[in-house]
Structures are given as structure tokens and as C-alpha cells.
Amino acid sequence: MKVHILVLSALLTTFSAAQVALRPALEKTYNTWRDAIIRQDAAAWQRVTATHRRVEVHNLIVSQKLPFPASVFKLPTPPPELKGLTFLDAKQNGPTATAAYFGKIDFGVGGTPTDNLLVLAFVSENGEWLYDRADFVNLEALPEVRRELAAGDLKYLKEAPEAQPSGKIPMAPMEAPTAKYIAKVYVFSPGREVKVQINKISHHRFANAKEAEIVIGGAVDGLNEVQYGITKLPGGTGTEALTVRVYLLSQVKDVKPLKVFEYQVAENGVPKAFDTGTFNVDAAMVAKLMGKDTPPSAPRAARP
């Protein structure tokens, strides 16, 4: 019995020491990442950002035909600083970790910040913690959770998905080339989950959604492939209308997006569980994108 107590004590001491060491390591990484963003230091940003996240950011930028890495630093708001926030918890699960903070999270957009939750996620590569992402949880609609966290009750963190390190480092996607034509996929899917794959490189998941996402790699000349799978979500009736569309976006002022693909299901209709469609980017479509689709004027007759 005494041996068991000693072993348990040793394990708890080791766990406590690991937790104590985890927080400063994660905060050092986040602060270095934040400083790199503010100073627009591309080398430092690449050094402290997780590989899969770097590639995802690269792909999103070049798919909009924007310069990389310069566009990394054109954020709508600066990353919030941790100073003044209350540290709640740090968790590690294998090569992944999270750190949670509570307080007046200031994004520098004006107004008076209120008490909310910030969860930072990290992955370990080559023995070093690298920054992955931040989840901001607005507690305006969760007043009871806000009161609990303010009182030091961390019950919410034990259940919140964003606060649980997954234990697995996401696989880095294939690096996308700069898009020739910027494209977006739009899905309206009340009561359903829709997974879309475009040209086998751009993967999207929409759940009970009405939103659009940039197509990674954009569209290409000629034939483009659109695969989609549709499943009913819990709580859905299975009778809801559904829409999947792909648009091409012009970089010419006042030229509206072109709808190049559409799959629709009317209310009470039965959607296909899985299907593949295509759209073709041809010369006429490119002319429209360039704002040159107006036919030339007929030549004037020669004067006698």
C-alpha cells in the first residue's frame, strides 16, 4: 500500500512538473508568433508556425492570387496579447497542446472588450512547440459559463471541443500553385453535412451552413471536377432544400462573379448521397471574367 502511494505521488509530481513547464513554453511560442505578425517578420513566422498551418495559409493566399508571404501579415486585427488575461489551464496530449485564457480579450478594434475565452493550440515538431491556431469563444450567449470561469470553475474547459488537444498532428496538405482563376464554393445545407472536393486538391466541409469558401488552387483552363457527398445531420428533417455552387471571381472592377456549377435540391426533394460533376473554363468564360464579353461593334459601311 505504501509503495502504491509513493508511486502515485511520484506520478502526480511528474504531471504537475510537466504542467508547470508547459505553460511558459507555449506562451513563449505564442508571443514569438504574435511579435512576428506585428513586425511582419516572415522568417520568424515560418519558424514558429506549425507546418500544416503554414501550408494552409500559403494555399489560401495564393488561391486568391495574393502575394505570399506579404499577405500573411495583412490581418484585419492584431493578435491579442496575453498580458492582463487570466491563465486557466494548459493541456497536453502527445504532440499537441492547448492553453486557455479568460478576460478582456482586446483585438484592437475599439469599443470596450468584455470577458471571454481564448484557447490557443500548438503542435510539437522536432521537440519544439509551434503555434497552430487560436479559438476565440464569445461568452455573451453563455453567461453561466462566463460566471463559472470568472470564479475559477473550469468545468466548461473539460467539455469544450476547442480546449481538448487532439493528440494527432494534422497532415500538411499539398502545396497549391497560384490560382489562374479565383473560385469560391458556396453551400446552403440546413440539416445536412456537405463535403465538397474540387479538382482533388480543395477539400471543404459544410454543416448546417450558408457560407462560401475559397477554392484552393482556384479553377483551371478546361475541365474542372466537383465531387460532393451529402448526409443528414441529427435534428434535420431530410426535407430541406439544398444548394451547391461554384463561382469564378473576377479581378476586374464591377465584373460580377460567374456561376459555373450548380447542384440544387428543392424542398422535399431527395439529394444524391454522392456525385461528381464538372464545369469547363473556356475562352468565352475567360472573356467575361476580363470584362471583355461585349461583342465588338459592327463595322461601318464605306462611304461611296
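The values are calculated or read from the model by the stated rules, or taken from the named source; none is laboratory data. Note that the coordinates shown come from a computational prediction; the quantities given were computed from them, not determined experimentally. All Cβ positions, even for glycine, are placed from backbone atoms using ideal geometry, and neighbour counts span all protein chains on display.
General remarks:
- Taking the criterion of being exposed (fewer than 14 other Cβ atoms within 10 Å of the Cβ) and hydroxyl-bearing (Ser, Thr, Tyr), no residue of region 155-183 qualifies.
- Residue in region 242-251 that is surrounded by 11 or more Cβ atoms within 10 Å (Cβ to Cβ), of a type outside the set (Phe, Trp, Tyr) and farther than 26 Å from residue 65 by Cα present: yes
- Of note, residue 139 satisfies the criterion of being crowded, with 17+ Cβ neighbours inside 10 Å, assigned to a loop (DSSP other than H, G, I, E, B), of a type in the set (A, V, I, L, M, F, W, C) and touching a helix residue (DSSP H, G or I) at 6+ places or on another chain (Cβ under 8 Å).
- Residue 258 being in the same structural domain as residue 121 (by TED's automatic domain parsing), more than 23 Å from the chain's Cα centre (by Cα) and over 17 Å from residue 60 (Cα atoms): no
- Test for residue 249: is it in the same structural domain as residue 277 (by TED's automatic domain parsing), touching a Lys or Arg at 6+ places or on another chain (Cβ under 7 Å) and farther than 28 Å from residue 286 by Cα: no
- Among residues of region 208-241, those that are touching a residue at least 60 places away in the same chain (Cβ under 8 Å) and crowded, with 17+ Cβ neighbours inside 10 Å, counted: 6
- Taking the criterion of being of a type in the set (D, E, K, R), touching a residue at least 60 places away in the same chain (Cβ under 8 Å) and not in a helix (DSSP H, G or I), the residues of region 142-178 that qualify are 168, 175.
- Residue list for region 139-174, restricted to those being at pLDDT 95 or above and acidic (Asp, Glu): 144, 148, 153
- Taking (1) in contact with a Gly (Cβ under 9 Å, 6 or more places away or on another chain); (2) within 30 Å of residue 267 (Cβ to Cβ) in turn, residue 211 satisfies each apart from (1).
- When region 115-136 is limited to residues that are surrounded by 13 or more Cβ atoms within 10 Å (Cβ to Cβ) and among the charged types (D, E, K, R), the one that is farthest from residue 93 (Cα to Cα) turns out to be 115.
- Flag if residue 274 is at pLDDT 95 or above and surrounded by 14 or more Cβ atoms within 10 Å (Cβ to Cβ): no
- Scanning region 179-195 for residues that are touching a Lys or Arg at 6+ places or on another chain (Cβ under 8 Å) and either assigned to a strand (DSSP E or B) or of a type in the set (Phe, Trp, Tyr) (or both) returns 182, 185, 186, 187, 188, 192, 193, 194, 195.
- Qualifying positions in region 58-67 - without any contact (Cβ under 8 Å) to a residue 24 or more places away in the chain and surrounded by 15 or more Cβ atoms within 10 Å (Cβ to Cβ): 61, 66
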